1. Can you list residue pairs whose Cβ atoms sit under 8 Å apart, with the first residue in segment 186-206 being more than 11 Å from the ligand (Cβ to nearest atom) and the second being of a type in the set (Gly, Ala, Ser)? Count only pairs 6 or more apart in sequence or on different chains.
2. For the condition free of Cβ contacts under 8 Å to residues at least 12 places away in the same chain and not aliphatic (A, V, I, L, M), what is the one hit in PRO81, PRO12?
3. Does GLU247 count as farther than 13 Å from ARG22 by Cβ, modelled with pLDDT under 95 and either touching a Phe, Trp or Tyr at 6+ places or on another chain (Cβ under 9 Å) or surrounded by 22 or more Cβ atoms within 10 Å (Cβ to Cβ) (or both)?
4. Return the only residue of LEU439, LEU452 being farther than 30 Å from LEU344 by Cβ and either of a type outside the set (D, E, K, R) or loosely packed, with under 12 Cβ neighbours inside 10 Å (or both).
5. Inside segment 206-228, can you point out the residues that are of a type in the set (D, E, K, R) and in a helix (DSSP H, G or I)?
6. What pairs come up if the first residue lies in segment 454-481 and is within 15 Å of SER412 (Cα to Cα) and touching a residue at least 60 places away in the same chain (Cβ under 8 Å), the second is in a loop (DSSP other than H, G, I, E, B) and acidic (Asp, Glu), and their beta carbons are under 8 Å apart, counting only those six or more places apart or on different chains?
7. Regarding segment 270-285, can at least one residue be identified that is open to solvent by 50 Å² or more (accessible area, probe 1.4 Å), part of a helix (DSSP H, G or I) and over 19 Å from ALA24 (Cβ atoms)?
Amino acid sequence: MSEMRLRFPPSPTGKIHIGNMRTALFNWLWAEKNNGKLILRIEDTDQERSSKEFEEIILQELDWLGIDIDEGVGVGGENGPYHQSERLDIYEEYIEKLIEEDYAYRCYCTPEELDEMRSKQRENGEMPHYDGRCRNLTEKEIREYEKEGREPVVRFKVPADEEIVVHDLIRGDVSFNTSVIGDFVIVKSDGMPTYNFAVVVDDALMKVTQVIRGEDHISNTPKQILLYKALGFDLPEFAHLPLILDESKGKLKKRGGDNTVFIGEFRNKGYLPEALFNFLALLGWSPKDEKEIIDKDEMIKEFDIRDVNKSGAVFDIEKLNWMNGKYIRDADLDRIVDLSIPYLKEAGYIKDEDSVDREWLKKVIEVARTGVDYLEQIPAEAELFFTDLEFENKEEAKEEFSEEGVELVFASLKEKLNDLDELEIDKIGNIFSEMKDELPVGARTIYHPVRLALTGMTSGPELTEVIYIFGKKEVEKRLNKALELRE
Ligand code: GLU
């Protein structure tokens with residue numbers, strides 16, 4: 001088989017979101033699996049809504065997730081240019097060809113005329129569609145319209161009553177009758193090609209062999225197939241990925257004020273790229289053994305576009321959070337420390353990396369990462385180690401420290417810590433066992449006041465870890481302060 005060529009052709013009209021990235025990712029997986037190529041094309045013919053800034057974001061987020069591009073924008077290649085806005089003369093050529101060969105024609109209808117036509121059709125119980133009234137204009141009619149200053153669009157002549165079958169790699173055969181299509185626009189009145197036309201010319205000239213994209217495009221596919229045939233291009237194979245649904249099974253979209261469907265939001269909150277990658281790969285696909293945590297190499301080995309589900313994939317944020325937390329805990333600690341620093345700075349806990357002892361910071365993050373779903377939560381989890389002691393309830397704390405045996409426990413703990421050359425979590429654990437054996441007090445009198453004195457709280461991270469991170473001096477300081485609180 002000849003080389004497999006896939007493409008990801010986003011429109012830079014907004015920040016790249018989960019749905020688009022899932023499409024890029026499935027294309028990437030299938031390309032990797034087949035030693036194929038992945039092309040990045042930027043579909044920027046909507047000049048008003050497209051921007052370089054959104055394009056930059058697309059490139060940045062693809063790079064962040066490790067979806068590498070073989071050809072196209074940012075990489076180059078032999079089949080460019082890869083921005084649609086730089087291909088207008090190419091489209092022009094094919095438009096002329098279609099008009100000459102009578103596959104397309106100029107239409108001079110005004111928006112008002114089209115509206116009127118559609119409302120009449122609706123009144124008659126018909127599906128609104130272009131009725132082909134400009135198909136056979138005479139030279140004279142054309143001259144008159146042009147004199148009136150009407151700007152024509154170009155429409156494709158859709159053959160009547162033909163069955164177009166899309167052989168979809170995921171969905172099987174899906175057929176459409178041309179009678180519901182109507183002559184569609186391929187060049188707008190401003191001279192810009194429409195999506196359906198440009199995408200066909202580009203995919204064909206860029207020798208794309210398989211088109212993998214979202215299900216929302218399936219109704220465009222019969223139009224594109226008609227264009228492939230009229231232009232004499234070979235058809236690629238098609239695969240339409242299932243929609244991504246929100247938890248209430250509606251289509252996932254940006255909800256009021258909630259930006260969490262944009263890739264950048266996940267990055268900013270401290271989701272790890274490999275976790276998001278893993279999660280996105282499971283939106284519509286799963287490996288045979290249903291394993292949830294799966295790395296790229298395993299995915300490539302197991303992935304088959306034909307195994308993708310037909311039904312919608314639910315975007316379950318709880319699952320993503322669980323997955324991300326797991327990746328954070330399993331990741332190299334130094335990396336997590338580096339990634340956490342910006343959040344700690346933001347919280348005002350550290351000024352810059354040189355102002356804190358790296359080894360100490362590692363200990364803090366090691367403990368803090370056990371309790372987070374994403375790194376933005378690190379400061380809250382580590383707050384204890386960066387702020388002065390504050391009691392949740394001072395009166396209760398006072399009472400607690402005044403209880404019998406507390407002073408003894410604190411004295412014993414200080415002494416035993418002092419006897420250790422170096423603090424280690426295990427050794428600190430042993431101290432507590434010893435105290436339980438040696439001191440004439442119950443376990444509660446040992447753990448509870450110590451925790452309260454050190455953290456100000458009655459629950460929280462492991463006491464041994466807290467002591468390990470604070471170190472002897474800070475522990476002693478806090479224990480003494482607690483005792484001072486007594487009347
Ligand atoms: N620019 C189109 C989009 O982002 C591409 C669709 C396609 O893959 O054909 O929706």
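1. The qualifying pairs are ILE186/ALA104.
2. Only one candidate passes the filter, namely PRO81.
3. Against the criterion (farther than 13 Å from ARG22 by Cβ, modelled with pLDDT under 95 and either touching a Phe, Trp or Tyr at 6+ places or on another chain (Cβ under 9 Å) or surrounded by 22 or more Cβ atoms within 10 Å (Cβ to Cβ) (or both)), GLU247 qualifies.
4. Only one candidate passes the filter, namely LEU439.
5. Listed by number, the residues that qualify are GLU215, ASP216, LYS223.
6. Note: no pairs meet the criteria.
7. Looking for residues that are open to solvent by 50 Å² or more (accessible area, probe 1.4 Å), part of a helix (DSSP H, G or I) and over 19 Å from ALA24 (Cβ atoms), one finds none in segment 270-285, hence no.
The rows are residues; the columns are (1) under 47 Å from the mean Cα position of the chain (by Cα); (2) within 18 Å of GLY471 (Cα to Cα).
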| residue | (1), (2) |
| --- | --- |
| VAL364 | yes, yes |
| ASP373 | yes, no |
| ILE378 | yes, no |
| ASP388 | yes, yes |
| GLY405 | no, no |
| LEU420 | no, yes |
| GLU434 | no, no |
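The values are calculated or read from the model by the stated rules, or taken from the named source; none is laboratory data. Note that the structure is a prediction, hence the values are computed from the model and not measured. Cβ coordinates were reconstructed from backbone atoms using ideal geometry, including for glycine residues, and neighbour counts include every protein chain displayed. In case anyone asks, the SASA skips ligands and DNA or RNA and just uses the protein heavy atoms, side chains included. Shrake-Rupley method; radii C 1.70, N 1.55, O 1.52, S 1.80 Å.
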